[in-house]
Amino acid sequence: MAQLEKTYSGWLERRQTQHLLQVLNGDGAITRCVGGCVRDALMGLANVDTEVDMATDLPPEEVMARLKKAKIKCVPTGIKHGTVSAILYEGDSALVYEITTLRVDFTTDGRHAEVAFTEDWQGDAARRDFTINALYADADGTLHDPIEQGLADIAAARVRFIGDAQARIEEDYLRILRYFRFHYRLTPDAAPDMAALSACRAAAETLRRLSGERKQQEILKIMALPAADKAARALHEAGLLRPVLGFEPHSFASLTAILPFSADPLLRMMALMPSADAAQVMATTLRLSKKQTMRLVKAMEMPLDLLALSKMLYFDGAESVADRALLALVSLDQGHDMRAALEEAATEAAAYQRPKFPLTGKMMQQAGMADGPAMGQMAVALEQWWVAEGFPNIDAVEEELKKRLH
C-alpha cells in the first residue's frame, strides 16, 4: 500500500501524535489521521506544525474514557457529532487534536446534519466533501483511500466533490465556498472541475441561507490566499460573490494590486468595495464585529492627509492609516506621482509605535488645578498641542501647562 513520505509527515512522527494513536488503537480499535494533514503531506505542503485530525471506530464515550485513563486532557467539543478534542503539550504550547467517531449523515438541510455513528470507513469517507479530503493514514504512514479516487486526484492536482456534486452541496451549502478555497489554494492555475463549477453556480442562492458568521469565516480564508484575486473573480463569474458579500464588487484590478502589499483578508475585501455604503452592507451580511465594521467605515469614509501623517497615526491609529494609504495606492496608475508618498505612508504606519502622552492628573493637580471637567478639557487641549508640536518631552508639556494656567 502507498505510504506517506517522511519529508512532509513530521506531524505524524511527532511524539504526541504517536502517543495519542497508541492510546486509541489498543484492543482491536482503529484510529487514523485524516483529512487536511494527510492531503497536505501528499501535496508537499505539510510540516511538523500541521494540525492533525483523527477518525476512529471507537464511540466518543470510549475515546474520552481512554484519554482520561492515559491522563490526556480532553474536551467534548462536538460530542453530538462524535468529536472529542485531545490536548497535549509541547513545552508551553498546546497541541489540539480533534478525534471524530466514524459517522454517516442521515439527515441534512444544507446547514445542519443529523449523524449516525458507524464502523464503516468507506461510509465515513463518502460523507466528506472532496476526494482529496477523504484520505486516511495509519501511525506508520500507511495510506487508505476508501473511495479509491483521492490519491489519483492528488496526483492530478484536481479538486472534486465526492460522488454527485449537487448532493454534496445540498448536505452543506458552505461547501460551495470551500470548493473555491481548496481549488485556489491547492491548484490555482488549473481550470476548475466543470461538474463542481456547474453545481456551485446552480446553488448560488442557497448561500443567502447560511449564517453570516459561517460565510465570514470561509470568505476570509479565501481572501487570505495568495491567489485571492483569482478566487474572487471565479466566484463573481459564477454569480457567487454577491450572495456572500452583499454588494457587486468594484474592481478586481485593485484586489490584484493590493496582494503584494498585504495578506490581511479584510483589507483585501475592502479593495472590492465600491463605496462606504458597501462597508455597512458587508458588515451586516457577514455579521462582522463592531471592531471590524469600524475599521471598514474608517477606511472608506475618513480622508487621508499625508501632510498631517503624524497626527493621523496618533489619533486614527496605524492600522486605519495603512488601510487608507494602501487602498489609495492601488487605485492609482503605476506612473502616478503620488504612489511613492502613499507607499511611504503605509510603510511608516506598519512600523509605527504610538508615543505616550506624558501629562498626568497628578501633574495638573500639582500645577494648581482642581479635579473636575476643566482638568479633562485641559488634557484634551494639551494633547492636541503636544501632537501638533511633534511630541515634545515632559518638561515642555509642564511648561505649556503652566503658561495656560497663568
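Of note:
- The C-beta contact set for segment 298-312 (first residue assigned to a helix (DSSP H, G or I), second residue of a type in the set (D, E), distance under 7 angstrom, 6+ apart or interchain) comprises K298/D316; A299/D323; L309/E348; M312/D305.
- For segment 3-41, a residue qualifies if it is touching a Gly at 6+ places or on another chain (Cβ under 9 Å), surrounded by fewer than 22 Cβ atoms within 10 Å (Cβ to Cβ) and either closer than 20 Å to I132 by Cα or in contact (Cβ under 8 Å) with a residue 40 or more places away in the chain (or both), and the qualifying residues are Q3, E5, K6, T7, Y8.
- Selection status of H236, surrounded by fewer than 22 Cβ atoms within 10 Å (Cβ to Cβ) and part of a helix (DSSP H, G or I): yes
- Restricted to segment 239-296, and to residues there that are of a type in the set (K, R) and assigned to a helix (DSSP H, G or I), the residue that is nearest to the chain's Cα centre (by Cα) is R268.
Condition check ((1) assigned by TED's automatic domain parsing to the domain that holds S310; (2) under 25 Å from D316 (Cα atoms); (3) surrounded by 15 or more Cβ atoms within 10 Å (Cβ to Cβ); (4) not β-branched (V, I, T)) across all residues:
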position	(1), (2), (3), (4)
K356	no, yes, no, yes
G368	no, no, no, yes
G376	no, yes, no, yes
L382	no, yes, yes, yes
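- Qualifying positions in segment 184-205 - of a type outside the set (A, V, I, L, M), touching a residue at least 40 places away in the same chain (Cβ under 8 Å) and surrounded by 17 or more Cβ atoms within 10 Å (Cβ to Cβ): Y184, R185, P192, C200
- Residue, nearest to L267 (Cα to Cα), within segment 329-356, restricted to residues that are in a loop (DSSP other than H, G, I, E, B) and in contact (Cβ under 8 Å) with a residue 40 or more places away in the chain: S331
The values are calculated or read from the model by the stated rules, or taken from the named source; none is laboratory data. In this text the structure is predicted, and so the values were computed from the model without any measurement. For neighbour counting, all protein chains shown are included, and Cβ atoms are generated from backbone atoms with ideal geometry for every residue, glycine included.
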